[in-house]
Amino acid sequence: MENLKSRSEIDNKYKWNLTYLVKDDKEFNLLINKCNELIKEITNMKGSILNNKDTLSNYLKVSEELDDKLNRLYIYAYNNHASDTADESYLSNLDKIERLAEEASLSESYVVSEFMKSDEKYTLNLLKEANIYDEYSYHIKELYKDKDRILSEEEEKIVSLANNTFGSGESAFSALDNTDIKFDNVLVDGKEVELTPFNYSLFLENKDQSVRCDAFTKMYKFYREHNNTITNLLKGRFQELNFNRKVRKYDSLLDMELHSINVSPKVYEMLISKVNQYMDLNVEFQKIKANLLGLKEYHLYDTYVPIINNDKKYSLDEAIDNVKNALSILGEDYMNHFNRLYKEGTIDFLPNKNKRSGAYEISSYRKTPYVLLNYDGTYNDVSTIAHECGHAVHSMYSDEDNTYVNHSYDIFLAEIASTTNEMLLSIYNINNAKTKEDKLYFLVDFLNLCKATIYRQTMFSEFEEELARRVENNEAVTPKILNDYYYDLNKKYFKDSVVIDEDIKYEWSHIPHFYSPFYVYKYATGLITAICFANRLLKDNNYKEIYINLFLKAGSRKDVLDILKDAGIYLTSEESFDEAFNFISERLNELKSIVKEMS
């Protein structure tokens, strides 16, 4: 990524074409003016949206038009800014749209309370009279499902004031973990090298075990020194949530967090149960890695070092061909959607000066999705193309098959289609590896992903569940309690495969996701679901019809678990978990076979 070109020096064929969203500055300003008109119209509807079928239908139409236009404007402004963050005009436009969105939100602030003053049956009957029941009933029922948890107007004001003061602990942690953080330098080849949160992972991949050890020790020295502070910050975050749990009368914090997306706590419980049942798969994998590395002692900080370095650089054409070959089993229609992405200029491929780092996909209803990449030719970059285009094609299918209100899929489902593409790419490359070394690399890469996304995220889930239980029951939450519990979790998950270093007990204190409790389990369930999808797509040529029609096209017409059930995935029972772990076991057996052949 050195010697980056300026944005203007990048060939247009590698840059996205944003005119599908907004043609020019004139249309940009016209859309802003239209949004302002719609905001005024919605403001004037206060007190009348449920008068009759026509007023309700009109509100829904106007609200959707406003949301759609705002989304187009935001994506246009955000994508421009992401492509060149130093351009002041792009930043100014983004700020303008963000302020416009705040005005829009304010204009509709009365809507929920207005619905809550009315009876659900009355509102649903208005939908029937307006002949829009099938389109809107699911979302109207979702709006009313928490009616019994809503307090009086004065009580809601008090709760709102309280919640406005919350979040300082999370902000303080973010400041500590991003701005105030300072590590001691690491010794590399006799020279001191600066250690930062951004290059820590590179030190863990260093071939010299002493470098890995030094980075690990220096990293957790900081968190050990701030252990008391971070304990209280995280405890405070859970206490804030526990306040809302009590006010809203939920049985547990887990129940409160899952209720919003209608996911049963059984999913969480089943995940932890089945991961514990299949713990030995990762334990055995770590023992194989230790043997391949030839270390006398295999520590936790050694689990990230590559077994084989894949220094191959893939040209962009090679990368796209690799992804296309892997995804071809999804059929002609899927591939037509995939091909549109790069043929129509909706992918921003290459890095340039001041471009946003990383990768993302973003889409506006029935406009082409956009994908930002920073392609540098590594295999990880190839996999990222598969991943982000998986999001994009999912959005395309969901838009095509649903009305506006039903087109957006829930975050619980969002990572599944993208990760399914990653799995198909991974297995394709395992099956088509030209050398034993290549096959070993791709197998280890797959199993590393399972370790990081299934086992590690589930371990995190167990940790936050214990913390939540203690806060709910007003039990002690001290640094020692959290440190010891996290240390014991590592011993349980790795058993005798790894030396459990003492400093790992502080690892929990630098996980930012813990400030958004009961979120990380979605990474694990998402990969487990993706493995099931990939397994079926590989074994049954007809399954692609189910995958596309019942999952990719589903939108938000149903609860997320019902959408998965339609596609044959059951996350409240053992069946799908067993399928995924059996698939992982097969890859582990392949790894053992190739290691035996190479020894």
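Going residue by residue through the range 26-43, is there one that turns out to be touching a helix residue (DSSP H, G or I) at 6+ places or on another chain (Cβ under 8 Å), over 21 Å from residue 99 (Cβ atoms) and modelled with pLDDT of 95 or more?
no
Could you please find all residues in the range 417-456 being over 20 Å from the mean Cα position of the chain (by Cα), more than 20 Å from residue 320 (Cβ to Cβ) and not hydroxyl-bearing (Ser, Thr, Tyr)?
Listed by number, the residues that qualify are 436, 437, 439, 440, 443, 444.
Taking the range 19-43 as the region of interest, how many residues are among the charged types (D, E, K, R) and under 13 Å from residue 68 (Cα atoms)?
Result for the range 19-43: 1.
Considering only the range 326-350, state which residues are of a type in the set (Gly, Ala, Ser), surrounded by fewer than 18 Cβ atoms within 10 Å (Cβ to Cβ) and assigned to a helix (DSSP H, G or I).
Selection gives 328 alone.
Select from the range 557-596 the residues that are more than 27 Å from residue 272 (Cα to Cα) and touching a helix residue (DSSP H, G or I) at 6+ places or on another chain (Cβ under 6 Å) and list them in ascending order.
557, 594
Check residue 118 against each of (1) over 29 Å from the mean Cα position of the chain (by Cα); (2) polar (S, T, N, Q); (3) at pLDDT 95 or above and name the one condition it does not meet.
For residue 118, the exception is condition (3).
Would you pick out the residues in the range 235-267 that are of a type in the set (Val, Ile, Thr) and either within 26 Å of residue 571 (Cβ to Cβ) or free of Cβ contacts under 8 Å to residues at least 40 places away in the same chain (or both)? Walk me through it before giving the result.
The initial filter retains those residues of the range 235-267 that are of a type in the set (Val, Ile, Thr), namely 247, 261, 263, 267.
Across the range 235-267, the qualifying residues are 261, 263, 267.
Quick test of your reading of the structure: residue 86 fulfils all but one of (1) of a type in the set (A, V, I, L, M); (2) assigned to a helix (DSSP H, G or I); (3) out of contact with any Ser or Thr (no Cβ under 8 Å at 6 or more places or on another chain); (4) over 18 Å from residue 21 (Cα atoms). Name the failing condition by number.
(2)
Among the listed residues 242, 232, 228, which satisfies the condition of being in contact with an Asp or Glu (Cβ under 7 Å, 6 or more places away or on another chain) and either in a helix (DSSP H, G or I) or not assigned by TED's automatic domain parsing to the domain that holds residue 178 (or both)? Reasoning before the result, please.
Details: 232 fails: in contact with an Asp or Glu (Cβ under 7 Å, 6 or more places away or on another chain); 228 fails: in contact with an Asp or Glu (Cβ under 7 Å, 6 or more places away or on another chain).
Answer to the selection: 242.
Report, by residue number, each residue of the range 104-120 that is among the small types (Gly, Ala, Ser), part of a loop (DSSP other than H, G, I, E, B) and free of Cβ contacts under 8 Å to residues at least 40 places away in the same chain.
109
So which of 235, 182, 207 ends up being surrounded by 15 or more Cβ atoms within 10 Å (Cβ to Cβ), among the basic types (Lys, Arg) and within 30 Å of residue 460 (Cα to Cα)? Steps first, please.
Details: 182 fails: surrounded by 15 or more Cβ atoms within 10 Å (Cβ to Cβ); 207 fails: surrounded by 15 or more Cβ atoms within 10 Å (Cβ to Cβ).
None of the other options fit; the residue is 235.
Would you be able to say whether some residue in the range 121-141 is within 26 Å of the chain's Cα centre (by Cα), part of a helix (DSSP H, G or I), surrounded by 14 or more Cβ atoms within 10 Å (Cβ to Cβ) and of a type in the set (D, E, K, R)?
No, every residue in the range 121-141 fails to be within 26 Å of the chain's Cα centre (by Cα), part of a helix (DSSP H, G or I), surrounded by 14 or more Cβ atoms within 10 Å (Cβ to Cβ) and of a type in the set (D, E, K, R).
Would you mention how many residues in the range 549-587 are of a type in the set (Val, Ile, Thr) and assigned to a helix (DSSP H, G or I)?
3
For residue 433, only one of the following conditions fails: (1) within 30 Å of residue 312 (Cβ to Cβ); (2) in the same structural domain as residue 250 (by TED's automatic domain parsing). What is its number?
Against the list (1) within 30 Å of residue 312 (Cβ to Cβ); (2) in the same structural domain as residue 250 (by TED's automatic domain parsing), residue 433 comes up short only on (2).
The values are calculated or read from the model by the stated rules, or taken from the named source; none is laboratory data. The structure displayed is predicted, hence computed values, not measured ones. Virtual Cβ from ideal backbone geometry, glycine too; neighbours counted across all protein chains shown.
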